[in-house]
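Let me begin by presenting the structure, written as structure tokens, before commenting on it.
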């Protein structure tokens, strides 16, 4: 019985969930006794149900030494006290056929891990990261007073992106040059997305398919995908829960 329930959850989530997320889904069904994730892991191993490993990396950070450098206001403290306070972002590549790439720019809220803004394009120009930040501004109803943390990529140190941040009331923050750990959360998001959408060796057939599949995953990430940081509920559910608790207090 438990094996059948595990298989059903695994299939429903398209093979993306590991033992802990499968366990969280099983334990939401009050018609059955709660189960331990270690037991679920053993059963999944016996049934040969496992997730995907991450694929190779592609360098997307291009630094311009002539552009300004900003102080590190995050210092690897990847958390915030409330929504719309601190964001991190990055660019990652999305491989298509014939060796071409699409690119995804992200803006992630450190409080809930919600993907507040994103943009997809066939280039890594500054307009891509500006579009992602403006998307977050629309979703949040304003970013005035927020911090945006990134690496030293030339698109983030450009005058155009700096002007966009100033216009929106956003303070820029950057980690040390060449240190991926200073923007680890954004890079972890990219790794998760590729593991679940690209599934290791997958290459998108064309840019349209790439846009559609990544867009669907981003929406699912916010509204449905269980996140360990959020107590195995989605970022949107976590924000709604936090808002309810704040009102009750």
Please tell me if residue 108 is surrounded by 14 or more Cβ atoms within 10 Å (Cβ to Cβ), in contact with a strand residue (DSSP E or B) (Cβ under 7 Å, 6 or more places away or on another chain), modelled with pLDDT of 95 or more and within 30 Å of residue 11 (Cβ to Cβ). yes
If I ask for residues that are over 18 Å from the mean Cα position of the chain (by Cα), surrounded by fewer than 19 Cβ atoms within 10 Å (Cβ to Cβ) and farther than 21 Å from residue 68 by Cα, which ones from region 139-163 would you list? 141, 142, 144
Filtered residues of region 218-231 (kept if surrounded by fewer than 17 Cβ atoms within 10 Å (Cβ to Cβ) and touching a residue at least 24 places away in the same chain (Cβ under 8 Å)): 228, 229
Hey, can you tell me all the residues within region 169-205 that are loosely packed, with under 13 Cβ neighbours inside 10 Å and under 22 Å from residue 122 (Cβ atoms)? 201, 205
Checking the conditions here, which among 39, 30, 48 is modelled with pLDDT of 80 or more and more than 22 Å from residue 191 (Cβ to Cβ)? 39
Assuming residue 215 fulfils every condition listed in (1) modelled with pLDDT of 95 or more; (2) closer than 28 Å to residue 98 by Cβ; (3) surrounded by fewer than 16 Cβ atoms within 10 Å (Cβ to Cβ); (4) touching a helix residue (DSSP H, G or I) at 6+ places or on another chain (Cβ under 7 Å) apart from one, which condition is it? (4)
I need the full set of residues from region 17-43 which are within 14 Å of residue 232 (Cα to Cα), in a loop (DSSP other than H, G, I, E, B) and touching a residue at least 24 places away in the same chain (Cβ under 8 Å), in order please. 17, 18
Using the structure shown, decide if residue 192 is on the phi < 0 side of the Ramachandran plot, modelled with pLDDT under 95 and in the same structural domain as residue 148 (by TED's automatic domain parsing). yes
Starting from residues that are touching a residue at least 24 places away in the same chain (Cβ under 8 Å) and in a loop (DSSP other than H, G, I, E, B), keep the ones in region 179-203 and report whichever is nearest to residue 219 (Cα to Cα). 199
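The values are calculated or read from the model by the stated rules, or taken from the named source; none is laboratory data. On a predicted model such as this, the values are computed, not experimentally measured, just so you know. Don't worry about glycine lacking a Cβ; one is built from the backbone with ideal geometry, like all the others, and counts go over all protein chains shown.
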